[in-house]
Amino acid sequence: MQVKIDKIFNYSAIGACVVLFFLAVLTFCDVIGRRFFNSPVMGTIEIVEVGMALVAFLAMPRAFFLNSHVSADFINQIDNNLLKKIIIILKFIFMISIMSMMAYATTLSALEFTKNERVTLELELYFYPFFYVIALAMWISVLAIILWFIKNIFNQSPEAT
Amino acid sequence: MDYGPIIDGGLAFASVLILMALNIPIGIAMLVVGFIGFAYISGFNPAVLVLGFAPYEAVSKYSLSVMPLFVLMGNLANSANLSRNLYDAAYAVVGHYKGGLAMSTVGACGGFGMICGSSIATAATMAQMAGPEMKRHGYSEALISGSIASGGTLGIIIPPSVMLVIYAYLTEQSVQELFFAALIPGAIAVVLYMVTIRVFLYFYPDHGGHGEKMPLNERLVAIWRVIPIFFIFAIIMTGLYLGFFTATESAAVGVILVIILIFLKGDLTIKMLRDATWATIRTVGSLYLIVVGASMFNFLITVTQMPFTVVDFIDSLALTPLGIILVICAIYIVLGTLMDSLAMLFLTIPVFYPVIVEAGIDPVWFGIFAVIVVEFGLVSPPVGMNLFVIKGVMQSTPLKSIWFGTIPFLFADMIRIALIIVFPAICLYLPSLMS
């Protein structure tokens with residue numbers, strides 16, 4: 001069951017990879033088009049801005065699940081299992097609270113953008129589909145945090161970092 | 001003078017530090033404190049409103065999109081073993097001198113810094129590659145770890161640098177100007193580290209030896225193999241210099257050129273591409289969480305009006321610009337021994353930046369200065385991040401040896417910091433040519 005859920009984080013990361021490569025190729029084509037053929041790709045900057053937001057939030061669930069976020073190293077060397085578990089619980093409480101709140105707030109923004117039909121300046125792309133994807137990625141991050149917590153709290157030698 | 005804003009801001013900083021000490025990821029610590037603080041001052045509903053939009057605003061800035069692309073470029077180069085070619089070329093040039101392997105490591109780190117913007121990635125790559133080689137030639141663990149840890153810091157000063165991109169993002173400075181400002185200090189660092197190795201071996205001759213001298217034709221082949229890397233670097237920097245493309249565009253061009261180079265070498269495989277993008281996404285996920293956290297935290301710092309009060313406070317002390325720089329330097333060195341470099345930059349720049357602008361200090365110069373001092377923190381005992389990276393790769397090396405090995409390089413860094421303070425033109429000459 002857990003293995004299947006793990007795949008969601010990989011799919012999310014693959015989505016981020018695809019968007020990142022697409023943005024690299026798009027920007028390259030824009031430079032070549034603009035400089036050598038006098039024909040830039042319209043709206044590249046806008047697409048890159050929106051695309052990078054997708055990359056950022058789609059990349060986060062896997063980073064949460066693998067616990068690869070940057071942390072300080074003050075208490076890496078502790079040997080006490082109880083203390084490690086307390087740290088994991090604290091970490092879980094903070095991460096789950098703020099990420100759920102952020103996912104909830106982004107979902108509200110997506111609903112608001114659906115209502116007011118706000119669009120980007122140049123290409124007039126609707127904001128709301130992107131915000132729904134970002135909100136979904138944040139909820140997947142919440143799921144990743146829960147799974148990370150379960151994986152570590154029931155582990156015999158949990159990783160505190 | 002009303003010290004309320006400084007106390008409020010100080011409490012916010014202290015809260016972030018406490019959460020960081022509890023091993024909470026830095027991005028989450030800043031997000032939590034930023035959100036709670038903002039909700040306390042402005043109300044819960046406005047805070048939710050900001051939380052729903054500020055993260056998107058923060059990560060979708062065009063100037064920041066250069067970061068994942070340069071990270072991807074570095075990871076592609078790493079997966080394709082271009083770092084090995086750089087090491088071989090540096091070895092071909094200086095490997096046969098006394099301490100030559102350590103100097104080759106520093107040279108290769110400098111070369112790798114031209115395609116990789118991360119200090120930790122540079123240190124980790126070199127530790128895996130140069131560490132065993134130096135050990136085989138009888139180098140001491142101290143010199144091995146010192147040269148790799150310090151050489152690794154070249155990754156964040158030699159352009160393209162992720163740290164400089166973040167500084168540019170936080171202060172709205174030109175990435176191009178910062179990249180050019182970093183070129184000479186980066187070259188000085190390479191030279192100073194090599195001199196340090198020679199001086200160290202003069203006093204401790206048993207700590208290192210020399211490699212075998214390669215025949216001339218092998219040397220030329222090794223150097224020939226790295227020409228394309230220098231060519232890519234030259235295209236990026238020339239394009240930026242001539243205004244042919246922006247920083248983000250240069251990063252995209254760099255990614256495509258590195259892929260073409262790997263393809264021409266016959267090393268382009270699906271596995272290699274997958275490894276590189278997987279590593280990139282992992283780094284990008286963690287970097288962007290810090291960006292998101294910092295955006296929320298900066299909202300709080302702005303509403304507390306702390307930066308303005310700090311400016312007034314510094315004004316009231318009547319410090320000279322040099323005095324301000326020395327105070328900031330001392331703060332960074334103390335923080336550097338305790339905190340991660342990224343966190344340091346994200347937490348301090350919003351407060352220090354208005355102060356240096358008010359004092360008439362050039363923001364581009366300050367960017368280079370800040371990154372060099374942050375670099376210093378990366379190799380400062382007891383908790384410099386690079387020291388732990390080396391410890392992670394070379395697990396049998398005692399931490400004490402790693403600390404001992406970095407001390408001579410810290411002196412070299414101090415000389416470099418003094419040089420750029422006394423001669424600001426070291427940083428500002430190349431950007432002045434651009435304008």
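The values are calculated or read from the model by the stated rules, or taken from the named source; none is laboratory data. All values reported here derive from a predicted model rather than from experimental measurement. Counting neighbours? That spans all protein chains shown, and the Cβs are built from the backbone with ideal geometry, glycine included. When the accessible area is computed, the model is the full protein with side chains, heavy atoms only, and any ligands, DNA or RNA have been set aside. Shrake-Rupley method; radii C 1.70, N 1.55, O 1.52, S 1.80 Å.
Taking B:Ala168 as the residue in question, decide whether it is of a type in the set (A, V, I, L, M), surrounded by 16 or more Cβ atoms within 10 Å (Cβ to Cβ), at pLDDT 90 or above and in a helix (DSSP H, G or I).
Working: of a type in the set (A, V, I, L, M): yes; surrounded by 16 or more Cβ atoms within 10 Å (Cβ to Cβ): yes; at pLDDT 90 or above: yes; in a helix (DSSP H, G or I): yes.
Yes.
Please go through segment B:52-100 and give me each residue that is of a type in the set (Phe, Trp, Tyr) and either open to solvent by 20 Å² or more (accessible area, probe 1.4 Å) or over 17 Å from B:Thr122 (Cα atoms) (or both), ordered by number. Can you show your working first?
Narrowing segment B:52-100 to residues of a type in the set (Phe, Trp, Tyr): B:53, B:56, B:62, B:70, B:87, B:91, B:97.
Matches in segment B:52-100: B:Phe53, B:Tyr56, B:Tyr62, B:Tyr91, B:Tyr97.
Each row is one residue, and each column tells you yes or no for (1) touching a helix residue (DSSP H, G or I) at 6+ places or on another chain (Cβ under 6 Å); (2) open to solvent by 10 Å² or more (accessible area, probe 1.4 Å); (3) at the interface with chain A (Cβ under 9 Å from one of its Cβ atoms); (4) within 30 Å of B:Pro55 (Cβ to Cβ).
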{"site": "B:His207", "(1), (2), (3), (4)": "yes, yes, no, no"}
{"site": "B:Trp224", "(1), (2), (3), (4)": "no, yes, no, no"}
{"site": "B:Ile235", "(1), (2), (3), (4)": "no, yes, no, no"}
{"site": "B:Leu242", "(1), (2), (3), (4)": "no, yes, no, no"}
{"site": "B:Thr248", "(1), (2), (3), (4)": "yes, no, yes, yes"}
{"site": "B:Val255", "(1), (2), (3), (4)": "yes, no, yes, yes"}
{"site": "B:Gly266", "(1), (2), (3), (4)": "no, yes, no, no"}
{"site": "B:Thr283", "(1), (2), (3), (4)": "yes, yes, yes, yes"}
{"site": "B:Ala294", "(1), (2), (3), (4)": "yes, no, no, yes"}
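Quick one: which helices (runs of 4 or more DSSP H) sit completely within segment B:8-99 and have at least 1 residues that are aromatic (Phe, Trp, Tyr) and at the interface with chain A (Cβ under 10 Å from one of its Cβ atoms)?
Values: elements: B:26-42, B:44-59, B:66-79, B:82-94.
Because the criterion is at least 1 residues that are aromatic (Phe, Trp, Tyr) and at the interface with chain A (Cβ under 10 Å from one of its Cβ atoms), the helices (runs of 4 or more DSSP H) in segment B:8-99 that meet it are B:26-42, B:44-59.
Right, B:Thr248: hydroxyl-bearing (Ser, Thr, Tyr) and without any contact (Cβ under 8 Å) to a residue 60 or more places away in the chain or not? Lay out the reasoning, then the answer.
Working: hydroxyl-bearing (Ser, Thr, Tyr): yes; without any contact (Cβ under 8 Å) to a residue 60 or more places away in the chain: no.
Answer is no for this residue.
Output the qualifying pairs, or none if there are none: Cβ atoms under 8 angstrom, residues six or more apart or on different chains, first residue in segment A:96-125 and within 10 Å of chain B (Cβ to nearest Cβ), second residue exposed (fewer than 15 other Cβ atoms within 10 Å of the Cβ).
A:Phe113/A:Tyr126
Among the residues of segment B:193-234, write down those that are over 30 Å from B:Phe411 (Cα atoms) and within 22 Å of the chain's Cα centre (by Cα).
Those that are over 30 Å from B:Phe411 (Cα atoms) and within 22 Å of the chain's Cα centre (by Cα): B:Ile229, B:Ile232, B:Ala234.
Taking the conditions exactly as written (hydroxyl-bearing (Ser, Thr, Tyr), open to solvent by less than 60 Å² (accessible area, probe 1.4 Å) and modelled with pLDDT under 85), does A:Ser71 satisfy them or not? Give the steps one after another, and end with the answer.
Working: hydroxyl-bearing (Ser, Thr, Tyr): yes; open to solvent by less than 60 Å² (accessible area, probe 1.4 Å): yes; modelled with pLDDT under 85: yes.
When the stated conditions are applied, A:Ser71 passes them.
Quick check on this structure: which one of B:Gly151, B:Gly155 is under 18 Å from B:Ile415 (Cβ atoms) and touching a Cys at 6+ places or on another chain (Cβ under 6 Å)? Before the answer, list the steps.
Working: B:Gly155 fails: under 18 Å from B:Ile415 (Cβ atoms).
Answer to the check: B:Gly151.
Based on what the data block shows, is B:Ala276 closer than 24 Å to B:Trp365 by Cβ, touching a residue at least 40 places away in the same chain (Cβ under 8 Å) and buried (at least 24 other Cβ atoms within 10 Å of the Cβ)?
no
What's the total number of residues in segment A:9-29 that are in contact (Cβ under 8 Å) with a residue 24 or more places away in the chain and facing chain B (nearest Cβ under 7 Å)?
3
Which residue is nearest to the other protein chains (Cβ to nearest Cβ), if the candidates are limited to segment A:30-48 and must be over 27 Å from the mean Cα position of the chain (by Cα) and in a helix (DSSP H, G or I)?
Among them, the one singled out is A:Val31.
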